[in-house]
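Asks: Below you will find the structure I want to go over with you.
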Amino acid sequence: MKTELVQSLTTNFEAHAQQTETGIEFWLARDIQYLLGYSKWDNFLNVVSKAKTACEVSGHAVVDHFADVGKTIAMPKGAEKEVPDLMLTRYACYLIAQNGDSKKQEIAFAQTYFAVQTRKAELIEQRLLDAERVSARKKLSTTEHELSEVIFEQVGGSNQDFAVIRSKGDHALFGKSTQAMKSQWKVPDGRPLADFAPTIILKAKDFAAEITIFNARQHQLDTEAAISKEHVTNNAAVRNTLLERGIRPESLPPAEDVKKVERRLLSADKKALKKPDALDS
């Protein structure tokens, strides 16, 4: 299919989108009928019927995606006629395309179009999840740096004291040592456990560390033992909350190396600058 035709069909499809007063996007079936190459309404209704069945089978309420409406059309000599029509969601249009005659060029385009849109949505969702994890990792690094400063200021301690306190916190959160978790997650030597932790664990560790910082300052904790006890208590409390919600920290699988995720995001940003309309594979 020529690029010009694809662009034309895409423009036509998006141009026919309308919105309800509440901002819900929809298309009218009689518009989609012609966009998909069906000259006869009855033939198109057969495709719509199959799409409704697919909608129901997929567990979605048909009425949420296919709404019966009337449409007034002009007749000869200034007369008007009310004809049946349907308000369709984007999902309904997708189902109609999937159940249409793929020999029709318009249907073939629509099937490809929705496949690409779905892939774009998947890529966007994954990108958001990756960005959230990278952000959570950076936030934890910042919080742990602040905790190390609190230890230095109030205890006169060293990096070793911070490492001990963090390790005790890990044991309270996971129910096993940092080294045991590193072995379980196959973390390379010299790399922090947090670089392979899922987002929820990064946020859990960060929350516990934030509470430790707050209470260490609030209560002027001035020994390694006192701050360790506070940090263990906070991580244990966070662990209990996770367990109550059916999440067992030590049973979660490791996440992808956060450094690789960060490099992938940076690479995607560079590609987007060079080819803003390109779809990553």
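Asks: Can you give me the number of residues within segment 225-246 that are without any contact (Cβ under 8 Å) to a residue 12 or more places away in the chain, surrounded by 15 or more Cβ atoms within 10 Å (Cβ to Cβ) and within 22 Å of residue 132 (Cβ to Cβ)?
Replies: 0
Asks: Turning to a different aspect of this structure: Among the residues of segment 134-151, is any within 30 Å of residue 264 (Cα to Cα), of a type in the set (Ser, Thr, Tyr) and in contact (Cβ under 8 Å) with a residue 60 or more places away in the chain?
Replies: Yes.
Asks: Please verify whether segment 155-169 includes one or more residues that are polar (S, T, N, Q), under 31 Å from the mean Cα position of the chain (by Cα) and either part of a helix (DSSP H, G or I) or not assigned by TED's automatic domain parsing to the domain that holds residue 224 (or both).
Replies: no
Asks: Separate question: Restricting attention to segment 170-188, report how many residues are touching a residue at least 40 places away in the same chain (Cβ under 8 Å) and part of a helix (DSSP H, G or I).
Replies: Of the residues in segment 170-188, 8 are touching a residue at least 40 places away in the same chain (Cβ under 8 Å) and part of a helix (DSSP H, G or I).
Residues are listed down the side, and each one gets a yes or a no for (1) within 21 Å of the chain's Cα centre (by Cα); (2) modelled with pLDDT under 95; (3) farther than 23 Å from residue 141 by Cβ:
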position: 219; (1), (2), (3): no, no, yes
position: 231; (1), (2), (3): no, no, no
position: 240; (1), (2), (3): no, no, yes
position: 256; (1), (2), (3): yes, no, no
position: 279; (1), (2), (3): yes, yes, yes
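Asks: Tally time: how many residues in segment 22-64 are of a type in the set (S, T, N, Q) and part of a helix (DSSP H, G or I)?
Replies: Qualifying residue count, segment 22-64: 5.
Asks: Further, regarding this structure: Could you say whether any residue in segment 4-18 is in a strand (DSSP E or B), among the polar types (S, T, N, Q), under 15 Å from residue 93 (Cβ atoms) and at pLDDT 85 or above? I'd like the intermediate steps shown before the answer.
Replies: Within segment 4-18, the subset in a strand (DSSP E or B) is 18.
Still in the running and among the polar types (S, T, N, Q): 18.
Applying the additional criterion that residues be under 15 Å from residue 93 (Cβ atoms) yields 18.
If we keep only those that are at pLDDT 85 or above as well, we get 18.
Yes, the conditions are met somewhere in segment 4-18.
Asks: Here are 249, 192: which of them is under 21 Å from residue 132 (Cα atoms) and free of Cβ contacts under 8 Å to residues at least 24 places away in the same chain? If you could, list the steps in order and put the result at the bottom.
Replies: Numbers: 249 fails: free of Cβ contacts under 8 Å to residues at least 24 places away in the same chain.
That would be 192, the only listed residue that is under 21 Å from residue 132 (Cα atoms) and free of Cβ contacts under 8 Å to residues at least 24 places away in the same chain.
The values are calculated or read from the model by the stated rules, or taken from the named source; none is laboratory data. Since we're looking at a predicted model, the values are computed, not measured. Virtual Cβ from ideal backbone geometry, glycine too; neighbours counted across all protein chains shown.
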